[in-house]
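In what follows, a structure is listed as structure tokens, so that the remarks can point back to it.
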Amino acid sequence: MSYQVLARKWRPRAFGQVVGQEHVVRALTNALDQQRLHHAYLFTGTRGVGKTTLARIVAKALNCETGITSTPCCQCTACVEIDKGRFVDLIEVDAASNTQVDAMRELLENAQYAPTAGRFKVYIIDEVHMLSRSAFNAMLKTLEEPPAHVKFILATTDPQKVPVTVLSRCLQFNLKQMGPGNIAGHLQNILDQEGISAEPVALQLLSRAAEGSMRDALSLLDQAIAYGSGSVHEQEVRAMLGAIDQSYLFNLLDALTGQDGPSLISQAEAMDERSISFDAALQELASLLHQIALIQAVPQAVADDVPERPRMLALAQRIPAEQIQLFYQIATLGRRDLSLAPDEYAGFTMTLLRMLAFAPLEQSAPIQVAPPKAPAVPTPPPAVQPPVARAEEPIPFQESQRQASTPEPKPAEKAPIEAKIDTLRSALQNPVAGGFSGDWRTFVDSLKPGFAKTLAQNCELVSSDEQNLVLCVRETQKHLLEPRFQEMLKTALRDRFGNIKISIEIGGTGNTPAAQLSQEKALRQAQAEESIRNDPFVQGLMETFGAIVNPSSIKPIQ
């Protein structure tokens, strides 16, 4: 007996076997159970999602000898003949090869005759958008008022090319692309019944490569089984697909977070020596960054059985969310521009070096606002533009270092805005005896970016003594009180202050480090806007030319 490919062998024969299209299956089964039958159906969706399969199941449901039902028996003559593709009253037409009006007219002329063996004469027209305009016009009348014994089932991957006059006469169902989880689960079920061993990671790779198409996934699975001599293993599937070893990507992110340029280039050279596609590497890197961003926002969005989840969690705690977003943007743009680079290696390494260059540096310098310049008021030329924020222009490295090393002014010399910021910071402090000084803000600022710091920034210090620390989280932030996040914060506190009892409640006044930072930012912005408006040059422009200062263009120097 000849071998039958998995895509044909495991093609669904009933609605209950269809995977990933529950919304369409539910509507069709309800309509069949209630005998609410439409004369024309249109299935739309990308390749391999089940359009023709559902059309055949509907044909069986209409012609099953047990009656019109949503659960055809698959045993009667009609069901068996439809499964084998030789039922006389099921006419399947490939519109891509029968585009002419004459073929359509001949087809429709036969529609008036009663079915030979079944209850209904069912016409399945695949890729219906390929029909010519004349062919569409020829079928319009029959499609609108078909004989009672005729049902039309149209399928297309491009519904935009189907005339609206046809769309309005059909009951339309949009089949969605299948998720990698649905595909991987279905592949595992098939392999279990086939008695073939497979590694879960290998199936995840195949499901991602299928890009939402179950038929493509089964074809790739057939290829993987042949490639692996009867089994499906991760390394062999990676080699077959040309997929990137995830360890390279994690090593690249480790080097980026550690600001380790030599290690970064060493990893790129190792990938080049193995002839790894740098286009695929940037695609996989962007996908990994997406997964890490999901973990930071919604930890439950990434399944616990994902093999790389522990390393993703570690990176999610080490890399700030804004930096993940920046890396993702650089990776996608780097992939877009890869063809413009001198060669792929140069384009890939420049993308990595761009990530390294834009990694945020820790700043320990005090917050300062750029002092406005006060030149003599000249006769301003007509083309002069109103000044914008000082920080909008790039600051040379040497100048930024000089600014960072500028000593903090003495208390008596502090501007009123800086005095207000000091007041806001001191509002969080409640000095007590013992290991914890009561300076909650300083402790929070010292934490590394991650879940613990995010929770701490939204906690208000209520009370503390040598053995106890009571924190409060506002009702609107209670989603941060996930047990894992609380344990991370408590571990950080115990590591710093020893055996101290910590309790976190819901409530408080909202006097949190996050609120303090927001107020400080607003005060700095107000001071910057005031400085610009009081600048003599700016005032001259406003008086002479009626210039208006745009506050959104003003940014204080951090």
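The values are calculated or read from the model by the stated rules, or taken from the named source; none is laboratory data. Here the structure is a predicted model, which is why all the values come from computation and not from measurement. Cβ coordinates were reconstructed from backbone atoms using ideal geometry, including for glycine residues, and neighbour counts include every protein chain displayed.
Structure notes:
- The set of residues in the range 116-162 that are farther than 21 Å from I57 by Cα, in contact (Cβ under 8 Å) with a residue 24 or more places away in the chain and basic (K, R) comprises R133, K161.
- Note on the range 15-54: among residues that are among the hydrophobic types (A, V, I, L, M, F, W, C) and under 28 Å from the mean Cα position of the chain (by Cα), the one that is nearest to E92 (Cα to Cα) is F43.
- Of all residues making up the range 191-203, the number that are in contact (Cβ under 8 Å) with a residue 40 or more places away in the chain and within 24 Å of the chain's Cα centre (by Cα): 2
- Filtered residues of the range 1-57 (kept if in contact with a Pro (Cβ under 9 Å, 6 or more places away or on another chain) and of a type in the set (A, V, I, L, M)): A14, V18, V19, A40, L42, L54, I57
- Where helices (runs of 4 or more DSSP H) fall entirely within the range 18-137, those with at least 3 residues that are over 30 Å from I190 (Cα atoms) are at 101-109.
- Residue within the range 227-238 that is hydrophobic (A, V, I, L, M, F, W, C), within 30 Å of K9 (Cα to Cα) and outside the structural domain of T349 (by TED's automatic domain parsing) present: yes
- Candidate set from the range 543-557 (those that are over 17 Å from A528 (Cβ atoms) and surrounded by 12 or more Cβ atoms within 10 Å (Cβ to Cβ)); member that is modelled with the highest pLDDT: T544
Each row is one residue, and each column tells you yes or no for (1) surrounded by fewer than 18 Cβ atoms within 10 Å (Cβ to Cβ); (2) modelled with pLDDT of 80 or more; (3) among the polar types (S, T, N, Q).
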position	(1), (2), (3)
Q267	no, yes, yes
L285	no, yes, no
I295	no, yes, no
R318	yes, yes, no
Q323	no, yes, yes
F348	no, yes, no
P375	yes, no, no
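- Of all the residues in the range 500-549, those that are under 36 Å from the mean Cα position of the chain (by Cα) and either under 17 Å from T476 (Cβ atoms) or in contact (Cβ under 8 Å) with a residue 60 or more places away in the chain (or both) number 19.
- Any chance A78 is of a type in the set (G, A, S), touching a residue at least 60 places away in the same chain (Cβ under 8 Å) and either under 18 Å from H149 (Cβ atoms) or out of contact with any Pro (no Cβ under 7 Å at 6 or more places or on another chain) (or both): no
- Any hit, the range 171-183, residues being touching a Gly at 6+ places or on another chain (Cβ under 8 Å), modelled with pLDDT under 90, part of a loop (DSSP other than H, G, I, E, B) and small (G, A, S): yes
- Inside the range 458-492, residues that are out of contact with any helix residue (DSSP H, G or I) (no Cβ under 8 Å at 6 or more places or on another chain) and surrounded by fewer than 20 Cβ atoms within 10 Å (Cβ to Cβ) make up a count of 16.
- Meets criteria (in contact (Cβ under 8 Å) with a residue 12 or more places away in the chain and more than 25 Å from the chain's Cα centre (by Cα)) for Q188: no
- Residue tally, condition crowded, with 20+ Cβ neighbours inside 10 Å, in a helix (DSSP H, G or I) and either touching a residue at least 60 places away in the same chain (Cβ under 8 Å) or not hydrophobic (A, V, I, L, M, F, W, C) (or both), over the range 218-233: 2
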